[in-house]
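Read the structure below first, then the notes.
The values are calculated or read from the model by the stated rules, or taken from the named source; none is laboratory data. Computed from a prediction, not measured in an experiment: that's the story for all the values here. Cβ placement follows ideal geometry from the backbone for every residue including glycine, while neighbour counts extend to all protein chains displayed.
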Amino acid sequence: MDDNRNPTASEDARYELFVERFARNEAALRRFAGSMLPSWSDVDEVVQRTAIAIWRKFDQFDPDTDFMKWACVITRFEVLAYRRKMARDRLVFREDVMELMAEEGADEIDHRRLEHDALETCLAAMSEKERRLLTLAYTPGVKITELAEEAGSTAAAFYMRLKRLRRRLMTCMEGKTLEPEPVP
Amino acid sequence: MKSTRFEDLPLEEQDWIDAYVDGTITEEAFSKLQERLLRSPGLRSVMRRSLSLRHELQNLGATGDTSADSWLHAASEQDNVISVTGTTFTRWLPIAAAAGLAFLLGLTFTGLRTHPIEEARLTPVPTETEEHIAEGFAVVKNLIDAEWPEQSDPRQQGDTLGAEVFRLKRGLAEIQFFCGASMTVQGPAEIALRSAWEATCREGAVRVQVPPAARGFKLHGPSTEIVDLGTEFGLSVRDGKAHVEVFDGEIEFRHLSEAARLAKRGSAWGLPANGHATPSDLGEVIFPDVRNFTLQARAQRHTDFELWQSHRDALARDPRLIAYYTFERDDANDLIANVAQPRNPEFDGAVVLAETTDGRWPGRKQALEFRRPGSRVRVRIPGEFSAFTFMCWARIDSLDRRYNALFMGDGYETGEPHWQIRDDGSLMLSVMVDDTRPNPFKADDAGFHRVYFSPPIWDRSMAGQWMHLTSVFDPANRQVSHFVNGRRVSRMEIVDEYLIKSLRIGNGEIGNWGQPFRESPWFAIRNLNGRIDELAILNAALSDDEVGALHSRSRAGRH
């Protein structure tokens, strides 16, 4: 890997390049991590560790190659390392499942970007009230049971409503990003 | 990209994903999910998409580019919470959530400054109008001796069913799909309902009848897909092994990866989980008998009605009754009798415009329908009371009015009750505390009183179902409680300021509120678009147990 070093770059220039590349791809890396991890805070944690790891190894990065591809390998490594640390959390996938998820997920980076764009259109097609409900329910740290109780609804009814909205979004998003099904 | 869609997944996998995403998945389901993930690339791909979608929504919630964001900021400023930067989020999130929630409830921002949630419940506020979508695509048409597994909710006749798993422990149930197909289920059974056109029998024996209009109805077994071509057939599933019989017409079925087959009337097939479909003998399995079922259902309704009659006679002798109406009416006059004993015809009700129609037992029990805006039953009930219990069986078709009346004191003068339902489905009970003092919540509205709301208990999917509603005003214990189908749904304290011990009714009406004794430039339309077939008013605060027992004894269906 030493061949890939850029011995002429000063520390500052190197840092600038890192910040530029990382900032440009952070959202995609988050989406990648977000497609495997149980919670938003887990994603936060992993992306933060990834950023540090990328910076540490940045002198191995060849600026003429695909940063995203390189960063994905590191993210994947960090996700698996995090998984081992969090293995006792009841919602964390088993190692063999996680490996498959990460491997295939790395090939879906571009697709995630399409979904991200489609989601915007799909959300715009919902009513203001539905959007608010979704945003509110998924605000990290908000407990659905408490929201439901305060809205005078049961948690079960609230989950049901959320599930329906989410499924609608899913169908809309899939309709915009997947190849049309062959006509039977 | 290989395109497995969420909806292509088996129903149970869809359920697992939802539960995982919501964080509500059980240990057992999670372990099954992981096994399946290992084997199924399609499931993995949908799982990543689902998790990614949730992650996107969480990003919106946290960094928000929707308009909810402005609410978050507004709330943080108002409460002097540190401004929003990166990780300080979580400290003010609950406030933000309350702000957003208050908006969802249709509350104005000023209302938020004090006690957002309490205000929202106490003060009637306009709700946003939106298109109403009824949920569900099938209905429980009949039940015979039905018993339910412990963890699942008991179903009642008339319940709407959506995408869910219908579990029956024992007995018979008839499910009618909105496409027109009907399915008779023999317990123990587990049926996953997918749409108005599709279901999966995981366990149990079912008989499916498909009229021409519902041709194409699909029923899945554990390893088989059956398409009904207009017919009647039976499918039984026990321990993963299935058996299908065609009673009439024909079906097309596809077992595992075998080619599709046609099966005609009089044929039967064994459908093993891991082997070929093989022709089999008729009559190997006993399927629920639909004709007999209908007769049994009729007989049970008959018995239920007789049970109700004895309940009625017992309740009529309860000395705590103020009045009791069962809405049985002679064609000859426009009165409904107060059947409380000893008989007091003074409290009989005068029917205005309300139409006599079928009650809970069609052809046997009558009800009054208050569909037309002028419909009402006028009553005059003098006296002074120390508590109120209002109890009725109502069938709401829609909540068209802002407030939909159940029982209303005319003038809403001191001590008089208003029992009604708001258009969002909340039950409301209030008693005028002092009609000479202003309303603290609304300056232009005379009368010092407080409305005690329940959480919403009705939505459009419940249109046309009979429900047992009870509300109790209990000054001695300083509380107001609301009950639906015998279960308490809310209880609120009567604080000192709003305590009133001397209660009255005087002139009042059932199913509407017309204020005929007050001069007023406007007249409220609060008729209930629905039916009532039983209404009791007691001078007592019934306990939770008493309400539960009265509901059981008077309900449709044995208990």
Failed item, numbered, when B:P288 is tested on (1) assigned to a loop (DSSP other than H, G, I, E, B); (2) more than 27 Å from B:E12 (Cβ to Cβ): (2)
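Suppose we keep only residues that are crowded, with 24+ Cβ neighbours inside 10 Å and more than 7 Å from chain B (Cβ to nearest Cβ) within region A:37-47. Which one would you say is farthest from A:F67 (Cα to Cα)?
Going through region A:37-47, the residues crowded, with 24+ Cβ neighbours inside 10 Å turn out to be A:37, A:43, A:46.
Those still in the list that are more than 7 Å from chain B (Cβ to nearest Cβ) too: A:37, A:46.
Details: A:L37: 22, A:V46: 18 Å.
Step by step, filter region A:37-47, then rank; the result is A:L37.
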Search region B:33-47 for residues that are in the same structural domain as B:E12 (by TED's automatic domain parsing) and pair each with any residue that is aromatic (F, W, Y) when their beta-carbon atoms are under 7 Å apart and the residues are at least 6 apart or on different chains. B:L33/B:W16; B:L33/B:Y20; B:Q34/A:F93; B:V46/B:F6
Collect the residues in region B:235-263 that are without any contact (Cβ under 8 Å) to a residue 40 or more places away in the chain, among the charged types (D, E, K, R) and crowded, with 17+ Cβ neighbours inside 10 Å, keeping them in residue-number order. none
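Can you tell me which residue within region B:25-45, out of those that are surrounded by 14 or more Cβ atoms within 10 Å (Cβ to Cβ) and either in contact with a Gly (Cβ under 7 Å, 6 or more places away or on another chain) or not in a helix (DSSP H, G or I) (or both), is farthest from the other protein chains (Cβ to nearest Cβ)?
Keep residues of region B:25-45 that are surrounded by 14 or more Cβ atoms within 10 Å (Cβ to Cβ), which gives B:25, B:29-30, B:32-34, B:36-38, B:40, B:42-45.
Filter once more, so that each one left must be either in contact with a Gly (Cβ under 7 Å, 6 or more places away or on another chain) or not in a helix (DSSP H, G or I) (or both): B:25, B:40.
Numbers: B:I25: 7, B:S40: 10 Å.
By that ranking, first place goes to B:S40.
Conditions tested, residue by residue: (1) touching a residue at least 12 places away in the same chain (Cβ under 8 Å); (2) within 20 Å of B:P149 (Cβ to Cβ); (3) assigned to a strand (DSSP E or B).
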residue: B:R167; (1), (2), (3): yes, yes, yes
residue: B:G171; (1), (2), (3): yes, yes, yes
residue: B:I175; (1), (2), (3): yes, yes, yes
residue: B:C179; (1), (2), (3): yes, no, no
residue: B:M183; (1), (2), (3): yes, yes, yes
residue: B:Q186; (1), (2), (3): yes, yes, yes
residue: B:I191; (1), (2), (3): yes, yes, yes
residue: B:R194; (1), (2), (3): yes, no, yes
residue: B:T200; (1), (2), (3): yes, yes, yes
Consider region A:64-87. How many of its residues are part of a loop (DSSP other than H, G, I, E, B) and within 13 Å of chain B (Cβ to nearest Cβ)? 1
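Here is a yes/no grid of residues against (1) in a strand (DSSP E or B); (2) charged (D, E, K, R):
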{"site": "B:L429", "(1), (2)": "yes, no"}
{"site": "B:R437", "(1), (2)": "yes, yes"}
{"site": "B:F448", "(1), (2)": "yes, no"}
{"site": "B:Y452", "(1), (2)": "yes, no"}
{"site": "B:P455", "(1), (2)": "yes, no"}
{"site": "B:L469", "(1), (2)": "yes, no"}
{"site": "B:A476", "(1), (2)": "no, no"}
{"site": "B:V489", "(1), (2)": "yes, no"}
Any residue at all in region A:129-136 that is under 15 Å from the mean Cα position of the chain (by Cα) and not basic (K, R)? no
Note on region B:204-224: residues more than 27 Å from B:K169 (Cβ to Cβ) and not small (G, A, S) are B:P211, B:P212, B:R215
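May I ask you to list the residues in region A:148-184 that are modelled with pLDDT under 75, facing chain B (nearest Cβ under 8 Å) and either part of a helix (DSSP H, G or I) or surrounded by fewer than 18 Cβ atoms within 10 Å (Cβ to Cβ) (or both)? Working first, answer last.
From region A:148-184, those modelled with pLDDT under 75 are A:149-153, A:179-184; that's our starting set.
Okay, now just the ones that are also facing chain B (nearest Cβ under 8 Å), so A:150-153, A:179, A:181.
Selection gives A:E150, A:S153, A:E179, A:E181.
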Which residue is modelled with the lowest pLDDT, if the candidates are limited to region B:122-156 and must be out of contact with any Gly (no Cβ under 8 Å at 6 or more places or on another chain), farther than 21 Å from B:D459 by Cβ and loosely packed, with under 15 Cβ neighbours inside 10 Å? B:Q151
Any residue in region A:117-136 that is more than 21 Å from B:S52 (Cβ to Cβ), in a loop (DSSP other than H, G, I, E, B) and either at pLDDT 90 or above or within 7 Å of chain B (Cβ to nearest Cβ) (or both)? yes
Restricting attention to region B:264-303, and to residues there that are aliphatic (A, V, I, L, M) and free of Cβ contacts under 8 Å to residues at least 24 places away in the same chain, which single residue is nearest to B:S554 (Cα to Cα)? B:A299
